[in-house]
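To start, the structure itself, in structure tokens.
Just so it is clear, none of the values below were taken in a lab; they were calculated from the coordinates. Keep in mind that this is a model prediction, so the values were computed, not measured. Reconstructed Cβ throughout: ideal geometry from the backbone, glycine too, with neighbour counts over all protein chains shown.
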Amino acid sequence: MKRLMVMAMAAFLIQGRVFSQVKLASTAEIPILAWYSIPASETTLARYQEMNQAGITYQFNGYSNIDDLLKAMDIAEKIGIRIVASCPELKSDPEGTVRRLMNHPALAGYHLMDEPGIAAFGELGNWARKIQAIDNRHFCYVNLFPNFADSAQLGTKDYLDYLRAAVQQIPVQFISFDYYPVLKDRLSRTWYENLEQISTEARRAGKPFWAFALTTNYDEDHLTPQTLAAIRLQVYSDLAYGAQGIQYFTYWSATSVNAPSSEDQRGAPISAAGKRTVVYDRIKTMSGEIKSLSGVFLGSKVVWVRHMGQGRIPEGTVRLTSLPHAIKLLETHGAPALVSLLEKGDNYFLVVVNKDFQKAIDLTIYGDDSVKKILKDGTLVDASAYEPSLELDPGDAAIYMFPKTKR
């Protein structure tokens, strides 16, 4: 504990002034979950080491039987990766299957269903309670529809009714939903509204939420390369809204034997042929940033989220009209940006996200002497060491920290 409390300290000199810098400490890391992970036929130590090197800490795959699942768990344990269990036996014999899995060190939780309609909530709730009656140390996982799903998919005309019914009827430990907003040349219109809805309902329920970043192609609107900027925009927007877990969809191409699909899923980190694509290195970079910034986002609470930019802001969001006490000026010169204020312990974190995944924006930010700038590796530097006007890369985030009370 003492080691965790002590942060590496350094100092540097600029024009006669000494600027201190420390490393932001964190006792844990934001979970990073890979969807459609390593196929059962590729369950080897080398493959799990490869996934671990990409920064992935949790994986999900649908296994055809419990023996394949247990084989994967045995390998995953050696690497330190945890598995969200899914196999037919979990449904046909939940009690017996849970007893076989519950004490395995690689178990993260139990996957119940992806994108259920409201008619399935009662059965899912009963299934989760059967599992939790035997094992309440591991989570049950249900992933919900996004807000553009139609009434036939949801089972109700109103998305909030769907979301609130899920929270009330299925006793999961966190809320999960998927939305893949980065299209060829624009962002999906209702994505930020969906983040507002999920973040609000999660706070109301007293539960965290997990969100996604698209890391593959799957239809005509999502056939652009999954650039680092596009991945960053999704991840930093999710985290700015309070997400406590990030999920990559997918890790392995779903056109493979892993999960045969009619969708055109090319460009995943691992191709159908089992080779790394350029996206592998991009998620490795992204995972490293998430890990280094866990001290900012893990356990933080959202105070507010606001939007900036010329013209209309996204539906369901709120425009930035005032600044927290330590920030004297914040300007993007008309460019679209998301601004989030998070609180954790005695500090606030201000997160500014460039919502343009194709070009950089000019960010001007100026605060009092208490403001620290947080670098990608988690280092804190006096913000006054930097020019107040900076270029913020496409989809990237600038993060600042200052005390909750005025000095």
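Details
- Dividing the summed -39500 (n - 2.57) terms of all DSSP H runs of n ≥ 4 by the residue count of the chain sets its mean residue ellipticity at 222 nm at -8500 deg cm²/dmol.
- If you take all other residues with their beta carbon under 11 Å from the beta carbon of ASP377, and give Lys and Arg +1 and Asp and Glu -1, the sum is +2.
- Residues of type aspartates and glutamates that LYS373 reaches as a straight line, Cα spacing below 13 Å, ignoring anything fewer than 8 places off in the same chain: ASP382, GLU387
- Among 368-377, 174-183, the peptide with the highest mean count of other Cβ atoms within 10 Å heads the list, and the full ranking is 174-183, 368-377.
- Which listed pairs, of LYS91/LYS301; LYS91/LYS207; LYS91/LYS284; LYS184/LYS404, have C-alpha distances above 30 Å, in listed order: LYS91/LYS301; LYS91/LYS284; LYS184/LYS404
- A straight chain from GLU115 to ARG100 at 0.36 nm per residue would run longer than the Cα-Cα distance by 2.7 nm.
- q = 0.17, 0.20 Å⁻¹, the stretch 34-75: log10 I(q)/I(0) [Debye, one scatterer per Cα]: -0.40, -0.55
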